[in-house]
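The values are calculated or read from the model by the stated rules, or taken from the named source; none is laboratory data. Predicted model, so just to flag it, every value in this text is computed and none were measured. Please note: Cβ atoms are built from the backbone with ideal geometry, for glycine as well, and neighbour counts cover all protein chains shown. Accessible surface is based on the protein model in full, side chains and every heavy atom, while ligands, DNA and RNA are left aside. Shrake-Rupley method; radii C 1.70, N 1.55, O 1.52, S 1.80 Å.
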Amino acid sequence: MLSCSATAPGKVNLYFAVGPLRADGYHEVASLYAAVDVLERVTVRSAKAPGITQSLSVTPGSPVAEQVAAGTFDPALVPLDASNLAYRGALAVLQEQGLRLQDISVEVHIEKAVPVAGGMGGGSADAAAAMKAMNAYLVQADLVQDSVPRERLLELAASLGADVPFALLGGLAVGLGLGEKLTPLEVPEATEQLCFGFCPASAGLSTPAVFRELDAGREAGRYPAPDPVLEVPATLIEALTSQAPLAERLPIISSLLRNDLAAPASSLLPELQSTLERLAHQPGVAASFVSGSGPTVVYISPDKA
Ligand code: ATP
């Protein structure tokens, strides 16, 4: 039985400035994406049933496993149908290769590690991992000769969601446009990595609902107006990529973190505010922030211990 697996990382946004609501309903952003070592794994394997079937399991030791233990993970939140981002990623590669659903019989299995609807791009990571796994599967199954090249994969990824191209690339990158126009940042091997901790919330937040609250709050003067120019500060990029000791860089990084979605996310789910306040008084926590549209709260520790 042929089986191809691939992983893609969850992400946090160390900087997320959101522009005004556009006529098409989208917002331009200036985002600094950082991949985290919480990985989604997707396996594409031969199956009996024609087309694409799906299944899901939870990665032991992951933040989702913690949610399972706390009774706050609801697998029903992950739709195992054609709307699943892993399914859409796999299908996009299949169609790009000129194949149809009736040409294959595969199961797409998702191993979930990144909290669902947590602002950490778990669904986007599934899409990216499924694209890579399906790309390898079709070649190994002799259904096609050549895999889809990386540049084309990135284009297909952007059509699935603004965070999917970053999930394909990983690392550290600036995202402009809707977040999909990526500039990967070179991080020298010797650069000490940031240590993140994650506090998954007891409920999820819908990304569109958080953007709607931001727009309404800006209109009412509850949140600051958007910046006239959307860009990630060069000082933050420098502090993240320099080889100076982490202890020197952390105060700079902490002072430059920004997320325009944090206040609207906290207003929709007030427990975020108390989590942030609790972390502010915690020894060993250099900074804490809401990831993306929340509600996962992320903290940075000065060291792994
Ligand atoms: P982002 O930060 O990119 O907005 P998120 O991390 O907050 O996303 P996801 O876990 O990616 O949220 O999923 C958001 C919604 O997408 C879920 O509530 C679910 O209904 C739907 N969804 C579709 N496919 C998946 C998938 N493979 N994993 C999780 N959710 C999925």
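Remark on residue 292: its backbone amide H falls under 5 Å from those of 13, a criterion applied only to residues 5 or more positions apart or on other chains, H modelled at 1.01 Å from N. The lysines whose alpha-carbon is closer than 30 Å to the alpha-carbon of residue 132, local same-chain residues fewer than 8 away aside, are 11, 48, 112, 181. Scanning residues 5 or more positions from residue 38 or on other chains, those with amide H under 5 Å from its amide H are 10, with H placed 1.01 Å from N in the peptide plane. Excluding the sites themselves, what is the longest stretch of the chain that contains no GluC sites (Glu not before Pro) in a DSSP loop with at most 12 other C-beta atoms within 10 Å? Looking at the chain, 1-185 is the longest stretch - no exposed GluC sites (Glu not before Pro) with at most 12 other Cβ atoms within 10 Å. Modelled this way, with points 7 Å down the Cα-to-C-beta line, the labels at residue 241 and residue 271 are 3.8 nm from one another. With a simple spin-label model that places each label point 7 Å from the Cα along the Cα-to-Cβ direction, the separation between residue 176 and residue 159 comes to 2.5 nm. Extension gain for residue 56-residue 28 works out to 6.8 nm (0.36 nm per residue, less the C-alpha to C-alpha distance).
Available extension along the chain between residue 248 and residue 77 is 57.4 nm, counting 0.36 nm per residue and deducting the alpha carbon span.
Average accessible surface for region 219-305: 52 Å² per residue, computed with a 1.4 Å probe over protein heavy atoms with every protein chain in place.
Note on residue 49/residue 220: beta-carbon distance plugged into 1/(1 + (r/R0)^6) with R0 of 51 Å gives a FRET efficiency of 0.50.
The residues of region 3-184 expose on average 41 square angstrom of accessible surface per residue, using a 1.4 Å probe on protein heavy atoms.
Would you please classify the overall shape of the chain from the alpha carbon gyration tensor, given that a ≥ b ≥ c denote the square roots of the eigenvalues, rounded means a/c under 1.5, and beyond that prolate means a/b larger than b/c while oblate covers the rest? Judged from the Cα gyration tensor, the chain comes out prolate (a/c at least 1.5, a/b above b/c).
The share of accessible area on the chain that comes from carbon and sulfur is 53 percent, using a 1.4 angstrom probe. Taking 7 Å steps out from each Cα toward its Cβ at residue 3 and residue 281 produces label points 4.9 nm apart. Region 141-168 and region 72-131 have their alpha-carbon centroids 13 Å apart.
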